[in-house]
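What follows is calculated from the coordinates using simple rules that are stated; it is not laboratory data. Here the structure is a predicted model, which is why all the values come from computation and not from measurement. Cβ placement follows ideal geometry from the backbone for every residue including glycine, while neighbour counts extend to all protein chains displayed.
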Amino acid sequence: MSTAPDSSASPASVHASHSSRKAVKIIVVAMVLINVAAFAPAFILGALGLKDAIFIAMLAGLSSFFACFMGSGWKTGLRVSVPFAVFCALTVWAAPYALAAAFVLGAAAFWRGYGARLGLHNALMMTVISLGFIVTQPPKFEGSSLSAPVLTGIVALGASLYVTFVMFLARRWVHPPPLTKLVTSRVLAYSSILAVIIGVVTWCVIHFKWGQGGAWIILTILVVFQPYLGTSYSKAGQRIIGTGLGFVLALFIGHFVSSGPLLYVLGVLLFVVANCCMLLRKPYWTFVIFLTPAVVLFTSAGSTVDKTAVLRLEATSVGVAITFVVMLALTPLAKHLQAKSGAPEF
C-alpha cells in the first residue's frame, strides 16, 4: 500500500513563503501610492498646462511621500506640510541671493537634523533635497498676478496636503518603520554641523552659479552625512558604488532613449524600483543604483542623458569628498566624546 506524501511544510518554507508575499505586497503598495500620491499632482498640473508648477508639485509630492512612509505615517506628513511650504516659498525668494539662500537652506537643514530627536531625520531628508533643486532652478510663474514665492508655497502646500490625505486613506496598508530617537545633545551637534555645511555649500552653489550640479552636491551631503560617523562612512562608500553602477545603467538607457516622454515613464519605473529596494531593507547601494538613473532621466530635459549622467557623477563625487573632509575633521572629537561617555559607536 502506498503512502501519501507528507504535505506539511517546514517552518523555514512557511516563513519564506510569508516573506515573499509580504515583499510582493510592499512592492504593489509602493507602486500604487507613488503614482497616486507622489506624482498625481504634477500630472494634473501638467494636463492643465501649468508648466512652472509641475516641478514644484513633483518635489513636494515626493517629499511628503517620504515623510509619511519613513516617518510616523500621515501624521508626519501633516506636521511637515506647512513648514515645508514656507521653506519652498522662502527658497524661491532667496534664490537670487547667495547669502539669503545659504541662511534659508541652512535653517531647513537644521530643521531636518533636529528631526532626529523624534527619529525623523531620514523622513525629512527629501524636504531639504527638494529645496536644493528649487534654489538652483526657481520657478518663474510668468504672467501670474501673484509672486513666484507665494505661488510656489501654495503649490507645495496643496501637493503636500494631497499626499498626506492619500496616505491617511491608505494607513491600513502603510506600516512605517520603527523610529530611532537620538539624545538631545547629539541631535543639536548633528543639526548644527549639517546646517553649517549645507549653508556654506548653498552659498557656493549660488555665488559660483553651479546650477543643477550644485543641487546634486547638496543631495549627496544630506544623504551621506548621518548622526553617527560610522554610519556616514558606510553610506559614503555605498553611495560611490551605487552611483557608479547607476551611471552605467543611465548611459545604457540613454543609448536607446535620448529624449521624449518615455524618459519620464522609465524614470518613474526606476524610482519605484529604488523605493522598493528601500522598503524591503535592501543594502543602500542597491537603492542608489536605481535612484541615480531615475533622477538622471527626470532631469535630462534640455540636455542629453549622457551629459546629465556625467554631471551627476561629478557632483556626487564632489559631495562625497566634502562630506569625507568634514567627517575626518570630526573623527578625533567624536572618538574623544565616545571614550569619555563610553558610547558604543561614534
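Using Cβ counts within 10 Å as a stand-in for footprinting exposure, how do H121, H255, H175 rank, fewest first? Can you show the working numbers first?
Details: H121 25, H255 10, H175 13.
Fewest to most other Cβ atoms nearby, the residues stand as H255, H175, H121.
Note the full-extension length gain between S144 and V86 as 0.36 nm times their separation in residues minus their Cα-Cα distance, in nm to one decimal. Provide the component values of the computation, followed by the final result.
Numbers: separation 58, 0.36 × 58 = 20.88 nm, distance 1.94 nm.
Stretched fully, the S144-V86 segment lengthens by 18.9 nm.
For the range 199-308, take the convex hull of the Cα atoms, compute a quarter of its surface area, and give me that in nm², please.
On the way: hull surface 29.8 nm².
Mean projected area for the range 199-308: 7.4 nm², to one decimal.
Cα atoms only: what Rg and Dmax, in Å, come out for the range 20-182?
Every Cα atom of the range 20-182 included, Rg and Dmax give 15.8, 53 Å.
Measure up K75/K209; K51/K209; K51/K282; K140/K181; K209/K235; K51/K75 against 32 Å on the Cα-Cα distance and list the ones that go over. All intermediate terms of the calculation are to be shown ahead of the outcome.
Values: K75/K209 38 Å; K51/K209 24 Å; K51/K282 36 Å; K140/K181 39 Å; K209/K235 28 Å; K51/K75 30 Å.
Table pairs above 32 Å Cα-Cα are K75/K209; K51/K282; K140/K181.
How far, in nm, would the chain grow between Y228 and K51 when pulled straight, counting 0.36 nm per residue and subtracting the alpha carbon separation? Walk me through the numbers before you get to the answer.
On the way: separation 177, 0.36 × 177 = 63.72 nm, distance 4.06 nm.
Gain on extension, Y228 to K51, equals 59.7 nm.
In what sequence, highest mean first, do 100-108, 244-252 appear when ranked by Cβ atoms within 10 angstrom? Don't jump to the answer; show the numbers that get you there.
Details: 100-108: 23.0, 244-252: 18.4.
Sorting 100-108, 244-252 by mean packing, highest first, produces 100-108, 244-252.
Which FRET efficiency value, to the nearest 0.05, is calculated for L262 and S317 with the Förster distance at 25 angstrom and r the Cβ-Cβ distance? Present the calculation step by step, with values, prior to reporting the outcome.
Working: r = 29 Å, r/R0 = 1.15.
After rounding to 0.05, the efficiency reads 0.30.
For the ranges 179-189, 268-278, what's the packing order if you count other beta-carbon atoms within 10 Å of each residue, average per peptide, and put the highest first?
Working: 179-189: 14.4, 268-278: 21.1.
Sorting 179-189, 268-278 by mean packing, highest first, produces 268-278, 179-189.
Quick query: amide H of R171 versus all other amide H atoms, modeled in the peptide plane; which residues come in under 5 Å with a sequence gap of 5 or more or a different chain?
The list, which skips near neighbours in sequence, is empty: none.
Among I218, I154, I56, I129, what is the fewest-to-most ranking by other Cβ atoms within 10 Å? Walk me through the numbers on the way to the answer.
Values: I218 27, I154 16, I56 32, I129 24.
Ordered from fewest to most neighbouring Cβ atoms within 10 Å, I218, I154, I56, I129 come out as I154, I129, I218, I56.
Could you calculate the FRET efficiency of V248 with L269 from 1/(1 + (r/R0)^6), where r is the beta carbon distance between them and R0 is 22 Å, rounded to 0.05?
Numbers: r = 18 Å, r/R0 = 0.80.
Here the calculated transfer efficiency is 0.80.
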